């Protein structure tokens, strides 16, 4: 996440509903402590007791035949409706926590918790608590948009290990509430039925032993990729949960070497190939190549672009604070193995380039050009690491000549001329460099908007007007991509979108774009079936995650716990990419850019309240991360310790070691 000017944050569309909390809430700890086996409450004698979780009413059926209890109308059309005729019988079949069942109010544990005052407050306060038993009872009995209430009830069941019941609960949204919308922290629409469909797909695939499959389901929403829900049209078929042999749900990879290639993009060492089954693969030097990339911008603690003494795009390429003639991070970094914030005798200088090589990184992403061509040559020649070379194309006002609060205007001839010249300069300067794997335009640029000119307001912008100029923006992107192809026909050209927002407009202006890049932060389960199918349907291009990642900070928890949660998140994301790479799943994943290598301490807030010399722990905004908040200064798979040995010290987190294992597997 690149941030420039007054702590401007990069917008990410988070797929899960977010807690409508404020920064002052971040440091609050859960008021109820979770025990390993159940919720802790006081008994009538004032003694601690544990209440184990068990469904009071699991329902009489796992595979609900909704046609027994009502009628479907308009299946697969925008006239879809399900009309219950046997409400009481359906409630008995689905069980506790699944609409229309309300037996939770009779659950003795629920009554005990109410009596003990354990379910007070807003349901949103329970989403990220350790004790999901409390979350279940709170959400199952709260009053909210029915689809939202059902989603979070299902999520708590999932976290409690009640997987089959959770699947029923998610599926109920598709049946009863397919048109209901929730809203993110950024007030962007969240289509609950699609989210629920993603969760069912994920859980049935993750737990094949249950033998549950969702058959025939499809939720299609016309006009569902903008920020307005008033023009949405829903075409709904909720499908059926059916019993299958568990072996049918286990991942099976197709031998794509036996399939016919029907399309090739690129004439150089990096080529994209499309197979007859519509799957995509990136090949480098004729061999399959999964992009195992990382964003690398090691910033010295205390420096910030907000204070004009650091450029996150290029400064690290020339920084030599110890005056030894070598770039600090790439060559002088060392690993603080015992985490005492001192360089001990057994902690030699190794350098980030070597550490990234050992991690299995095969590519780094440069967001806006490069400032040291020779260093990039060494990165490739000595460490085997490629470069995704980018131009912001006016995002954060980079390359357009626009003022920050004016923002890049994609209808302004002068701004467009400046950006064309910026890209042309990049291509002409680097097209003969072997380390350039592909060209990447923008950075979640569809989110671009201008901020408040008064920095005291803390209303950040992105130095761009792309959000309100989607057609002009994408037309220009496609025009520039075409120019790149004329200057360098050898390499693929990608564009970095934010999520799949306005992908329908992009698809109409993408003839020169080879790769759909996207910055996506949806959660530890991955990206969801809907993401992969949207990319296939609208773009028919390979998908590259130009950013994915998770903070290594969880409010109220120790660092070991936070690192474990970061690793779980990363693992879920990477496994989803692998599952959807050529030969499996939707087959359109070609890899991703992990955000990021090392923590950057300048990311949060505005001066003077926040300082680039402090590692901030106040959440930046509510998001789909372990404690419900984005902590932008904690996204690294390596930290800078207490900051006293910056920019050289590296403390390698669990995620680093996870990727070191999986990215080096053959």
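The values are calculated or read from the model by the stated rules, or taken from the named source; none is laboratory data. Keep in mind that what you see is a predicted model, and the values were worked out from it rather than measured. FYI the Cβ positions are ideal-geometry reconstructions off the backbone, even for glycines, and counts take in every protein chain you see.
State which residue is surrounded by the fewest Cβ atoms within 10 Å (Cβ to Cβ) when the search covers only the range 123-146 and only residues that are touching a strand residue (DSSP E or B) at 6+ places or on another chain (Cβ under 7 Å) and outside any loop (DSSP other than H, G, I, E, B).
134
Do the conditions hold for residue 592, that is, is it in contact with a helix residue (DSSP H, G or I) (Cβ under 8 Å, 6 or more places away or on another chain), in a strand (DSSP E or B) and closer than 21 Å to residue 545 by Cα?
Numbers: in contact with a helix residue (DSSP H, G or I) (Cβ under 8 Å, 6 or more places away or on another chain): yes; in a strand (DSSP E or B): yes; closer than 21 Å to residue 545 by Cα: yes.
Yes, satisfied.
For the range 434-452, state whether one or more residues are surrounded by fewer than 23 Cβ atoms within 10 Å (Cβ to Cβ), modelled with pLDDT under 95 and either assigned by TED's automatic domain parsing to the domain that holds residue 224 or farther than 30 Å from residue 538 by Cβ (or both).
yes
Can you tell me which residue within the range 227-240, out of those that are farther than 19 Å from residue 528 by Cα and assigned to a loop (DSSP other than H, G, I, E, B), is nearest to the chain's Cα centre (by Cα)?
Across the range 227-240, the extreme among qualifying residues is 227.
Taking the condition of being exposed (fewer than 14 other Cβ atoms within 10 Å of the Cβ) and in contact with a helix residue (DSSP H, G or I) (Cβ under 8 Å, 6 or more places away or on another chain), how many residues in the range 66-88 meet it?
Summing the residues that are exposed (fewer than 14 other Cβ atoms within 10 Å of the Cβ) and in contact with a helix residue (DSSP H, G or I) (Cβ under 8 Å, 6 or more places away or on another chain) in the range 66-88 gives 2.
List the pairs whose first member sits in the range 368-388 and is within 13 Å of residue 327 (Cβ to Cβ), whose second member is assigned to a strand (DSSP E or B), and whose Cβ atoms are under 7 Å apart, counting only residues at least 6 apart or on separate chains?
370/389; 376/387
Pairs under 7 Å by beta carbon, first residue without any contact (Cβ under 8 Å) to a residue 60 or more places away in the chain in the range 139-150, partner part of a loop (DSSP other than H, G, I, E, B) and surrounded by fewer than 21 Cβ atoms within 10 Å (Cβ to Cβ), six or more apart or different chains?
Hits for this filter: 145/180; 146/180; 147/180; 149/142.
Please indicate, with yes or no, whether at least one residue in the range 209-225 is part of a helix (DSSP H, G or I) and farther than 25 Å from residue 623 by Cα.
Scanning the range 209-225 turns up at least one residue that is part of a helix (DSSP H, G or I) and farther than 25 Å from residue 623 by Cα.
Considering only the range 610-626, how many residues are crowded, with 22+ Cβ neighbours inside 10 Å and either more than 22 Å from the chain's Cα centre (by Cα) or closer than 13 Å to residue 306 by Cβ (or both)?
Residues flagged as crowded, with 22+ Cβ neighbours inside 10 Å and either more than 22 Å from the chain's Cα centre (by Cα) or closer than 13 Å to residue 306 by Cβ (or both) within the range 610-626 amount to 1.
Pairs needed: first member in the range 415-429, free of Cβ contacts under 8 Å to residues at least 40 places away in the same chain; second member anywhere, surrounded by fewer than 19 Cβ atoms within 10 Å (Cβ to Cβ); C-beta distance under 7 Å; at least 6 residues apart or different chains.
415/401; 418/401
Only one of 318, 251, 304 is loosely packed, with under 14 Cβ neighbours inside 10 Å, farther than 29 Å from residue 664 by Cα and in contact (Cβ under 8 Å) with a residue 12 or more places away in the chain. Can you tell me which?
318
Of the residues 289, 275, 225, which single one is farther than 30 Å from residue 193 by Cβ and either exposed (fewer than 11 other Cβ atoms within 10 Å of the Cβ) or in contact with a helix residue (DSSP H, G or I) (Cβ under 7 Å, 6 or more places away or on another chain) (or both)? Give the derivation first.
Values: 289 fails: either exposed (fewer than 11 other Cβ atoms within 10 Å of the Cβ) or in contact with a helix residue (DSSP H, G or I) (Cβ under 7 Å, 6 or more places away or on another chain) (or both); 225 fails: farther than 30 Å from residue 193 by Cβ.
None of the others qualify; the one that does is 275.
Output yes when any residue across the range 569-585 is out of contact with any strand residue (DSSP E or B) (no Cβ under 9 Å at 6 or more places or on another chain) and assigned to a loop (DSSP other than H, G, I, E, B), and no when none is.
Yes; the residues of the range 569-585 include at least one that is out of contact with any strand residue (DSSP E or B) (no Cβ under 9 Å at 6 or more places or on another chain) and assigned to a loop (DSSP other than H, G, I, E, B).
Of everything in the range 191-207, what is surrounded by 20 or more Cβ atoms within 10 Å (Cβ to Cβ) and not in a helix (DSSP H, G or I)? Give them in sequence order.
191
Out of all the residues in the range 626-640, is one or more in contact with a helix residue (DSSP H, G or I) (Cβ under 7 Å, 6 or more places away or on another chain), in a strand (DSSP E or B), assigned by TED's automatic domain parsing to the domain that holds residue 516 and in contact (Cβ under 8 Å) with a residue 24 or more places away in the chain?
yes
Residues checked against (1) modelled with pLDDT of 95 or more; (2) within 17 Å of residue 283 (Cα to Cα); (3) outside the structural domain of residue 517 (by TED's automatic domain parsing):
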site: 582; (1), (2), (3): yes, yes, no
site: 588; (1), (2), (3): yes, yes, no
site: 592; (1), (2), (3): yes, yes, no
site: 597; (1), (2), (3): yes, no, no
site: 610; (1), (2), (3): no, no, no
site: 613; (1), (2), (3): no, no, no
site: 624; (1), (2), (3): no, no, no
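Looking at residue 266 and the list (1) at pLDDT below 95; (2) in the same structural domain as residue 516 (by TED's automatic domain parsing), which single condition is not satisfied?
For residue 266, the failing item is (2).
Look through 51, 94 and report the one residue that is in contact (Cβ under 8 Å) with a residue 60 or more places away in the chain, crowded, with 18+ Cβ neighbours inside 10 Å and over 34 Å from the mean Cα position of the chain (by Cα). Write out each step before concluding.
Numbers: 94 fails: over 34 Å from the mean Cα position of the chain (by Cα).
Answer to the selection: 51.
Restricting the search to the range 639-666, which residues are more than 16 Å from residue 560 (Cβ to Cβ) and within 22 Å of the chain's Cα centre (by Cα)?
Looking only at the range 639-666, we keep the residues that are more than 16 Å from residue 560 (Cβ to Cβ), and these are 640, 642-650, 659-666.
Selection gives 659, 660, 661, 662, 663.
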